[in-house]
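All remarks here apply to the structure that follows.
The values are calculated or read from the model by the stated rules, or taken from the named source; none is laboratory data. This is a predicted model, so every value here is computed, not measured. Note: ideal-geometry Cβ built from the backbone for every residue, glycine included; neighbour counts use all protein chains shown.
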Amino acid sequence: MTNDNKEFEIEKETTDKDRASRKDFLKKAGMAGLAGAATLATSTFPVRANQDRKANKKLDSIGTELDHNVRNVYTNCLGCDHRCGVRVRVEDDRITRVQGNPYSPQNMAFDEIEYATPAKESLKKAGRICLKGGSAAHVAHDPYRIIKPLKRKGPRGSDQWEVISWNQLIEEVVEGGKLFKHIGEDRHVEGLREVRSFDPVDPLQPELGPKANQVLFANGGGGYQQPRPGLITRWTDSYGTINYVDHTDACQLGWYMGFRFANDFKADNWRPDYINAKFIMTMGITVFTGGKPGLIGISSLATKRVEEGQLKMVTIDPKAPRTKLAKWVPVKPGRDMSILLGMTRWIFENGKFDTKFLENTSEKAAKADKEKTYSGATYLVMPEKRRHVRGKDIGYSGDDAEKYVVLDPQTKEMKLFDQVDHGELFYTGELELEGKKTQVKTGLTVWKELTYEHTLDEYAEDAGVSKATIIELATEFTSYGKQAATDSYRGLGHQPGGAYIGWAMWMMNNLIGNIGHKGGLVKAGGNFDYTKGYYDLKLSGAPKKEGVRLDRRQFEYENTTEYKNLVAANKNPYPSKLPWYPLNIRGGAWCEMFMGADHKYPYPAKIAITYWADLVYNSPSGTRFEETFSDTDKIPLHIAVSTQYGMTARLADYIVPDCTYLDGMYFTLGYHFSPVKVNALRAPAVTNPAGVTLETFLADTAKRLGMVGFGEGAIPDKNGKLHPFHISEDYCAKAYANIAYNAKTPSASAEEIKFVEENHVCTDLFKKSITEEEWAKVCYLLARGGVFENYEDAFDADGLHKHTPAQPFFFYSDRLAKTKNPATGELWPDLPRIDLPGKDFFGRSIDELDGPEYNFYLTSTKHPTMTKGRSQNFYWALEITPENYVEINVNDAQKLGINDGDKVKVSSTVLPKGAIGNAKVTNLVAEGVVGIYHSWGQRGYGATDVQIDGAEQAIQGMKLGKWNDNLFGEELKGFIHGNHVIKDSRRGKGIFANELCGLFEYNGNRTISVDPTNGAPNYYYHKVKIEKV
């Protein structure tokens, strides 16, 4: 494979002294390097990087997993969102070691121990973990962790707080009143009771729904961590608000939307089968750095397979993967589209598509050809009508009216898709419709003509690569039959036009017919249902949810009273005040939710509850939300549920303490992606110092309001008996019992039950919640950290993936083609084209809007030792890389006179004053691109001073005895001085990359920059200027 930037180099991130410290740390912590990609470990000890373990007498007493005074708990990591299994060793309620779960395929590179292996026997073997997983003790025992309810004692953002009781918290947020009169705010604050009205929020716009919709609940959640999202929606449904939003738009919405354009908005989350693929082309993701499905399971496996010649990998990205094992094709943001369409043109020109697969018209035809699914290649399209031909167009009615139509290659007649097994692939003709002839083409013809709009030379020029590179990529991709695939994540989809680029990429897989095949593109294996079985955990009796969401998704602007009134008054209804996103039917759009709150559109918000949702830090140009959350008129009451004092929590009125993933945050699903079916369970390893959780807050507020689904008689079992829901374990124990029921888990032996009861702090509460018979089955799960399907069991004898649905991927989307742009009233482009990326709602280029002064693109990715904004207490990672840096290509640096290590200023239209950082001159970022790692520059999480009346009670402090220095260092001694909580200077270093991201101007409003069709935040198409200080 040709590499346009000829040289590779190993990244030099640290000084010689730092490197020596890192080497010493890796040696003492039992770590191993992974091809320059990531740091893996089989175990991690609470030892500081510069500490000689042999000379440290405090560590002499560390026990082994088999000692009687040691507890071992299999649980699930949340150091990032990959959801690896871990085994936590605990002594005196302190985490003293973390290892990988040997039962877990992801921790064992899919070479896990037998699931039936007795739990005590499993202690002799350890799986891999990374440095983030090994930092568990820093998370659970963080001295800055909030453990008491806090109420602000000054203006929002003033960092002045007081400790209040739990009862006061619940009373005030439910009942409202003049809650801040004591600090000079003489305003009435509506509480949850007052806002919970089912009268219309605006009688003149009845479609907006009830006043209860003025409560917003934003779930950051550190990943889709069921059952918590389910519990939050249980609360919002029972309350009666439609405005629950999760963090999907911050992580993967653009990626999802590419799938949904391709499969008629039905499903998402297909990924390559890394275990058996022979060629994988990644775009906007690399498993060698931090991209899901994870450093542990896939990176190590991919490394081994590449080294053994079983797999070839190519990364197309502005930033190189952190390994020499994957070839790198540098590309500027948005130009990926040209590479994809150029490759697709070459595939058509050379006949390298899978004709047999593409000709299949239905699931029945696919099964006969031993295919898992089929495509819409033969389905006829009317481009002028912007939709597929349907049965009604050729004389059918009833159930057949909306069926797709194909051309029978034998009779040359148009027939319903299920009347023939194989359709004509390439066809252009006419159909008489309503007395007029209209042109019809097969979907594959439409796609082929799309790619022929430009030559290979034009595609190469636009992409900034050679024509030979495009040809070589296409040749490789089509040289392995069905054992090649593409992979992507947020890096591709989270830019204007990103969903279109994703659609073009997924259709590459459609062309070679790899969907559902071993070694091809497969759907996530999923998990066993936790909501049904022994118990019915779904909510019954809730008020009907109705209305328009504040993020304005799943609803067409043209159906609003606002639009109809403007049309009736003969006024131009476009642009709408803020964008609308009817195509966004998956997950959330929390940036748009709070843009709606900011502009009180389509109605004002009254109460915002943010759970682990740091929009200020984690959104592109998230500092725009400082205006929103600071304004008590825009958000009259803000309740933050968090263990940490984040940049959004500091703008709250109340902070509700919570558990961490190590002391009470249960989990019922699987890995973020895996071909196998998995429930990777989480159980508390240590006790929760706060004593309360998110679930306590949900239950206590619900009970005070008389909401269904909480309190006594909230949960029915399969026999109709009702059970209470007061605390987390009341629900989660039953969820685990349901998983055991649906997975047909055997009962644990008496020895394993004893093992679980001696090691798990949740034992007593679980045993009170479920029956003895159910407890025996749950013990079997807890003793192994979940239920894990073996890889081979996920495929049938023909190599077809059992969990991939028989859903077609389409070459045309009727729904997209018929949806209007809320800014112009014009229909969205119906196909992916090279001129779509990098433009706003009005078709204006970001490059032109920002002007020639800002002549570099900004790319911000994750570092393998850190993750998002919650890594500031990963002290071992901070010792390795205390701050991020500004990466600039060698050629660009030479032109600007910048040398490695120079201080440079990076500025943008939003931050013209700029941010100062250290330059890293490298060949591992494309020319014209500036790279800045995310996760640094945090201004919360112990990186700012705070005043708290009752500080010694409010936060956890240094309560680990002999372990304090080992985990946190002497720097934190005395960091609580009276009511003053002093920041840790090690936290918050480096550049806050999101602060540099640009904004959109929409109808006179400053809004977050997004992908216009769906609202996915734009993280990867921003312009900046870089100059030497």
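Right, R83: touching a strand residue (DSSP E or B) at 6+ places or on another chain (Cβ under 7 Å) and assigned to a strand (DSSP E or B) or not? Steps first, please.
Numbers: touching a strand residue (DSSP E or B) at 6+ places or on another chain (Cβ under 7 Å): yes; assigned to a strand (DSSP E or B): no.
So R83 does not fit the description; no.
Do you know which residues across the range 391-442 are assigned to a strand (DSSP E or B), within 18 Å of Y374 (Cβ to Cβ) and not aliphatic (A, V, I, L, M)? Break it down stepwise before answering.
First, the residues of the range 391-442 that are assigned to a strand (DSSP E or B): 404-407, 414-416, 422, 428-433, 436-442.
From what is left, the residues that are within 18 Å of Y374 (Cβ to Cβ) are 404-407, 415-416, 422, 442.
Residues satisfying the conditions are Y404, K415, H422, T442.
Looking only at the range 506-546, which residues are hydrophobic (A, V, I, L, M, F, W, C) and assigned to a loop (DSSP other than H, G, I, E, B)?
First, the residues of the range 506-546 that are hydrophobic (A, V, I, L, M, F, W, C): 506-508, 511-512, 515, 521-522, 524, 528, 537, 539, 542.
Within the range 506-546, A524, F528, L537, L539, A542 qualify.
Go through the range 83-97 and count every residue that is hydrophobic (A, V, I, L, M, F, W, C) and farther than 15 Å from W963 by Cα.
Within the range 83-97, the first condition is being hydrophobic (A, V, I, L, M, F, W, C), and the residues that meet it are 84, 86, 88, 90, 95.
Applying the additional criterion that residues be farther than 15 Å from W963 by Cα yields 84, 86, 88.
Final tally of qualifying residues: 3.
Scan the helices (runs of 4 or more DSSP H) fully inside the range 555-670 and keep the ones with 1 or more residues being free of Cβ contacts under 8 Å to residues at least 24 places away in the same chain, more than 22 Å from I232 (Cβ to Cβ) and of a type in the set (S, T, Y).
Working: elements: 561-568, 590-599, 615-618, 624-630.
Once the helices (runs of 4 or more DSSP H) in the range 555-670 are filtered for at least 1 residues that are free of Cβ contacts under 8 Å to residues at least 24 places away in the same chain, more than 22 Å from I232 (Cβ to Cβ) and of a type in the set (S, T, Y), what remains is 561-568.
Which residue is surrounded by the fewest Cβ atoms within 10 Å (Cβ to Cβ), if the candidates are limited to the range 671-714 and must be at positive phi and in a loop (DSSP other than H, G, I, E, B)? If you could, list the steps in order and put the result at the bottom.
Step one: list which residues in the range 671-714 are at positive phi, which gives 691, 706, 709, 711, 713.
Subsequent filtering for residues that are in a loop (DSSP other than H, G, I, E, B) retains 691, 706, 709.
Numbers: G691: 13, G706: 11, G709: 23.
The residue in question is G706.
So is F667 touching a strand residue (DSSP E or B) at 6+ places or on another chain (Cβ under 7 Å), surrounded by 24 or more Cβ atoms within 10 Å (Cβ to Cβ) and not acidic (D, E) or not? I'd like the intermediate steps shown before the answer.
Working: touching a strand residue (DSSP E or B) at 6+ places or on another chain (Cβ under 7 Å): yes; surrounded by 24 or more Cβ atoms within 10 Å (Cβ to Cβ): yes; not acidic (D, E): yes.
Criteria met by F667.
Just to be sure, is L380 crowded, with 21+ Cβ neighbours inside 10 Å and under 26 Å from Y452 (Cα atoms)? If you could, list the steps in order and put the result at the bottom.
Details: crowded, with 21+ Cβ neighbours inside 10 Å: yes; under 26 Å from Y452 (Cα atoms): yes.
For L380, the condition - crowded, with 21+ Cβ neighbours inside 10 Å and under 26 Å from Y452 (Cα atoms) - is met.
A quick yes/no check of all residues on (1) surrounded by fewer than 24 Cβ atoms within 10 Å (Cβ to Cβ); (2) closer than 23 Å to G1015 by Cβ:
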{"residue": "Q205", "(1), (2)": "yes, yes"}
{"residue": "P229", "(1), (2)": "yes, yes"}
{"residue": "T233", "(1), (2)": "yes, yes"}
{"residue": "G258", "(1), (2)": "no, yes"}
{"residue": "T282", "(1), (2)": "no, no"}
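If you take the residues in the range 299-343 that are in a helix (DSSP H, G or I) and small (G, A, S), which one is nearest to Y489 (Cα to Cα)? Can you show your working first?
Filtering the range 299-343 down to residues in a helix (DSSP H, G or I) leaves 299-307, 336-343.
Then keep just the ones that are small (G, A, S); that gives 299-300, 302, 338, 342.
Values: S299: 16, S300: 19, A302: 17, S338: 18, G342: 21 Å.
Taking the candidates together, the pick is S299.
Assess whether D949 counts as being at pLDDT 95 or above, surrounded by fewer than 20 Cβ atoms within 10 Å (Cβ to Cβ), under 20 Å from I1026 (Cα atoms) and of a type in the set (D, E).
Here the answer is no, as D949 does not meet what is asked.
Return the total of residues in the range 199-250 being part of a loop (DSSP other than H, G, I, E, B) and either in contact with a Leu (Cβ under 9 Å, 6 or more places away or on another chain) or not polar (S, T, N, Q) (or both). Write out each step before concluding.
Step one: of the range 199-250, the residues part of a loop (DSSP other than H, G, I, E, B) are 199, 201-205, 209, 220-227, 240-243, 247.
Keeping just the survivors that are either in contact with a Leu (Cβ under 9 Å, 6 or more places away or on another chain) or not polar (S, T, N, Q) (or both) gives 199, 201-204, 209, 220-227, 240-243, 247.
Selection size over the range 199-250: 19.
Can you report the number of residues in the range 540-554 which are crowded, with 16+ Cβ neighbours inside 10 Å and more than 19 Å from V215 (Cα to Cα)?
Counting residues in the range 540-554 that are crowded, with 16+ Cβ neighbours inside 10 Å and more than 19 Å from V215 (Cα to Cα) gives 0.
It is to be established whether one or more residues within the range 45-66 are modelled with pLDDT of 90 or more and aliphatic (A, V, I, L, M).
Of all residues in the range 45-66, those modelled with pLDDT of 90 or more come to none.
The answer is no; no qualifying residue exists.
Considering only the range 814-859, state which residues are under 22 Å from E556 (Cβ atoms), of a type outside the set (K, R) and not in a loop (DSSP other than H, G, I, E, B).
D814, L816, A817, L827
Do you know which residues across the range 738-762 are over 27 Å from R89 (Cβ atoms) and in a helix (DSSP H, G or I)?
Selection gives N738, Y741, N742.
Out of all the residues in the range 252-259, is one or more farther than 29 Å from G498 by Cα and touching a strand residue (DSSP E or B) at 6+ places or on another chain (Cβ under 7 Å)? Let's see the steps before the verdict.
Within the range 252-259, the first condition is being farther than 29 Å from G498 by Cα, and the residues that meet it are none.
Checking the range 252-259: not a single residue is farther than 29 Å from G498 by Cα and touching a strand residue (DSSP E or B) at 6+ places or on another chain (Cβ under 7 Å).
Which is under 28 Å from the mean Cα position of the chain (by Cα) and either in the same structural domain as C77 (by TED's automatic domain parsing) or of a type outside the set (D, E) (or both), of L662, L722, L705?
Numbers: L722 fails: under 28 Å from the mean Cα position of the chain (by Cα); L705 fails: under 28 Å from the mean Cα position of the chain (by Cα).
That would be L662, the only listed residue that is under 28 Å from the mean Cα position of the chain (by Cα) and either in the same structural domain as C77 (by TED's automatic domain parsing) or of a type outside the set (D, E) (or both).
So Q439 clears everything in (1) within 41 Å of the chain's Cα centre (by Cα); (2) surrounded by fewer than 16 Cβ atoms within 10 Å (Cβ to Cβ) except one condition, right? Which one?
Tallying (1) within 41 Å of the chain's Cα centre (by Cα); (2) surrounded by fewer than 16 Cβ atoms within 10 Å (Cβ to Cβ), Q439 fails exactly one: (1).
Return the pair list, or none, for Cβ contacts closer than 6 Å from residues in the range 474-499 that are without any contact (Cβ under 8 Å) to a residue 24 or more places away in the chain and not assigned by TED's automatic domain parsing to the domain that holds G342 to residues that are in a strand (DSSP E or B) and buried (at least 24 other Cβ atoms within 10 Å of the Cβ), at least 6 apart or on different chains.
none
Consider only pairs whose beta carbons are under 7 Å apart and that are at least six residues apart or on different chains; among these, list those whose first residue lies in the range 953-982 and is outside any helix (DSSP H, G or I) and surrounded by fewer than 16 Cβ atoms within 10 Å (Cβ to Cβ) and whose second residue is acidic (D, E) and at pLDDT 90 or above.
Cβ pairs passing all conditions: H980/D945; I982/D945.
So which residues in the range 952-973 are at pLDDT 85 or above and farther than 17 Å from A140 by Cα, if there are any at all?
Of everything in the range 952-973, just one residue is at pLDDT 85 or above and farther than 17 Å from A140 by Cα, namely E952.
Listed here are the residues, each with its yes/no results for (1) at pLDDT 95 or above; (2) among the small types (G, A, S); (3) within 17 Å of D814 (Cβ to Cβ).
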| residue | (1), (2), (3) |
| --- | --- |
| A368 | yes, yes, no |
| E384 | yes, no, yes |
| R390 | yes, no, yes |
| A401 | yes, yes, yes |
| V420 | yes, no, no |
| E424 | yes, no, no |
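Would you mind telling me which numbered condition in (1) buried (at least 24 other Cβ atoms within 10 Å of the Cβ); (2) in a loop (DSSP other than H, G, I, E, B); (3) touching a Leu at 6+ places or on another chain (Cβ under 9 Å) R987 fails?
Answer for R987: the failing condition is (1).
Going through I296, I280, I285 one at a time, which residue ends up being of a type in the set (A, V, I, L, M, F, W, C), more than 30 Å from Y427 (Cα to Cα), part of a strand (DSSP E or B) and touching a residue at least 40 places away in the same chain (Cβ under 8 Å)?
Numbers: I296 fails: part of a strand (DSSP E or B); I285 fails: part of a strand (DSSP E or B).
On inspection, the qualifying residue turns out to be I280.
If a residue counts only when it is touching a residue at least 40 places away in the same chain (Cβ under 8 Å) and of a type in the set (D, E, K, R), which strands (runs of 3 or more DSSP E) contained entirely in the range 91-181 have at least 2 such residues?
Working: elements: 94-100, 150-152, 160-163.
In the range 91-181, the matching strands (runs of 3 or more DSSP E) lie at 94-100, 150-152.
Does K437 satisfy the criteria of being more than 16 Å from L340 (Cα to Cα) and in contact with a Gly (Cβ under 9 Å, 6 or more places away or on another chain)?
Working: more than 16 Å from L340 (Cα to Cα): yes; in contact with a Gly (Cβ under 9 Å, 6 or more places away or on another chain): no.
Judged against the criteria, K437 is not a match.
Which of the residues that make up the range 720-737 are in a helix (DSSP H, G or I) and either polar (S, T, N, Q) or in contact (Cβ under 8 Å) with a residue 40 or more places away in the chain (or both)? If you could, list the steps in order and put the result at the bottom.
First pass over the range 720-737, keeping only residues in a helix (DSSP H, G or I): 728-737.
Result: S728, E729, Y731, C732, A733, K734, A735, Y736, A737.
If you take the residues in the range 446-501 that are surrounded by fewer than 18 Cβ atoms within 10 Å (Cβ to Cβ) and acidic (D, E), which one is nearest to R387 (Cα to Cα)?
The selected residue is E449.
Check whether at least one residue in the range 215-228 is in the same structural domain as M595 (by TED's automatic domain parsing), more than 19 Å from the chain's Cα centre (by Cα) and not aliphatic (A, V, I, L, M), and report yes or no.
Going through the range 215-228, the residues in the same structural domain as M595 (by TED's automatic domain parsing) turn out to be 215-228.
Applying the additional criterion that residues be more than 19 Å from the chain's Cα centre (by Cα) yields 215-216.
From the residues that got through so far, the ones that are not aliphatic (A, V, I, L, M) too are none.
Looking for residues that are in the same structural domain as M595 (by TED's automatic domain parsing), more than 19 Å from the chain's Cα centre (by Cα) and not aliphatic (A, V, I, L, M), one finds none in the range 215-228, hence no.
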